[in-house]
Amino acid sequence: MSQADLFHPFTETVHKRSYPAISPDNDALSAKGKTVLVTGGSQGIGLAICTAFAEAGASNLIIVSRRATPFDEAMVVLEKSYPVTTVTVLRASITDPKATREIFNTIRTNMNLEPHVLVLCAASKCTQGPILTIPEAEIQQDFDTNVTANLNWVRHFLLLAPDAAARQITPANKKIINVSSCSAHMTLPGRGSYGASKEAFVHLLAHVQRDHADTGVKIFNFHPGGVLTSMTRAMGMNEDSFPWDDVSLPGGFAVWLASGEADFLAGRFVYANWDVEELKARAGEIVDSDLLKIGMIGEPA
């Protein structure tokens, strides 16, 4: 029996762009009153997710980016198009522990806000090639960024970093959305280091979900679809390389994950392309049979 993956979708219906059930203007998915924190939100999929949350009416959108351009123009468009959302950009690399600590101090102390949703979109570049030809330093960079740095952001978000205890705030009912990759569970040619680091972080998040489930924390991992981004272009691809998905797809899907409708998928790995109505219809089966988790395939003797 085939397992769900890039070539074997879990739902009969697959999508290549946003659709009504995940559209940010769907009232059922409203982000009104929420403070949403997005890393890597200056371009591509990250910017699409920021735009979708603004369209869904998020009260505060905090975007972390190490790039000043080309995001400045996009921020002007966001602020003009979605005036009900207060947009704040904080410049930092997610791999800098001091900067990470300062960003959360700024949000909680200077801005007097507590983030409800954390979207982890920043990632290392995908160095391609046979795994033994990839320099050790680049493999280390994949794990430093995609695993260690992202886990540090989760610690701060859930108020579990060393300086968080004195704040006396509980991490109740927070949502973490990890923008992952199909490389996390598929052996794709040339993507060994990137995929291994993505898989490692999904595994760690499974532990975080289990350890803190009683607080109402919900953690989701999703493959954003095949979107032509600066990373895929850097890998030598162009408009003709693949039947690309529209960037609106991961944007709307992230909003849906944060809405509450997808809470049954907490701790699981899903694809933005999969139809959410079919997923909801199979919610009981997914939970009862413990589906859509990365692990060993095989039946016991």
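Every number in this text was worked out from the coordinates using simple rules, so none of it is lab data. What you see is a predicted model; the values in this text were computed from it and never measured. A quick note on method: Cβ atoms are made from the backbone with ideal geometry, for glycine too, and the neighbour counts reach across all protein chains shown.
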Paramagnetic label zone (point 7 Å from Cα along Cα-to-C-beta, Ser230; backbone N under 18 Å) in the stretch 115-143: 120-128, 142
Highest-MSF residue in the chain out of Met111, Met231, Met186 [GNM, Cα springs under 10 Å]: Met111
Share, in percent, of DSSP beta bridges within the chain that are antiparallel, nearest 5: 10
Under-5 Å amide H pairs with Thr86, H placed in peptide plane, nonlocal only: Asn60, Leu61
At 1.002 mPa s and 20 °C, Stokes D of the stretch 114-262 from Kirkwood alpha-carbon radius, µm² per second: 129
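Can you pick out the pairs among Lys218/Lys293; Lys98/Lys198; Lys34/Lys98 whose Cα atoms lie more than 20 Å from each other? Mind showing how you got there, number by number?
Working: Lys218/Lys293 14 Å; Lys98/Lys198 23 Å; Lys34/Lys98 26 Å.
In this structure, Lys98/Lys198; Lys34/Lys98 lie more than 20 Å apart at Cα.
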Evaluated over the stretch 67-128, the Cα radius of gyration and Dmax, each in Å: 13.9, 43
Residue among Thr215, Ser183, Ser241 farthest towards the positive dipole end of the chain, charges placed on Cβ: Thr215
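For the chain, list the DSSP H helices whose alpha carbon atoms reach 27 Å or more along the long axis and whose average Kyte-Doolittle value is -0.5 or above?
192-211
Which whole-number percent is the relative contact order of the stretch 20-288 (Cα, under 8 Å, 6+ apart)? Kindly include the intermediate steps, with their values, before the conclusion.
Details: 470 pairs, mean separation 55.3, N = 269.
Taking the mean separation of contacting Cα pairs over the length of the stretch 20-288, I get 21 percent.
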Anchor Lys280: aspartates and glutamates whose Cα lies under 19 Å away (excluding residues fewer than 8 positions away in-chain): Asp5, Glu12, Asp27, Glu261, Asp263, Asp288, Asp290
Of Gly46, Gly236, Gly226, the one that fluctuates the most in a GNM where the chain has Cα springs shorter than 10 Å: Gly236
Dipole-positive endmost among Gly44, Thr85, Tyr19 within the chain (Cβ charges, Cα centre): Thr85
Fluctuation leader among Gly44, Gly284, Gly267 - the chain, Gaussian network, Cα springs under 10 angstrom: Gly284
Descending Cα extents along the principal axes, the stretch 20-288, whole Å: 47, 45, 42
Magnitude of the charge dipole, the stretch 20-288, Cβ model with Lys/Arg +1 and Asp/Glu -1, debye to 20: 760
Span from the the stretch 173-220 Cα centroid across to the the stretch 229-301 one, whole angstrom: 12
Extension gain from Asp214 to Val77, taking 0.36 nm per residue of separation minus the Cα-Cα distance: 45.4 nm
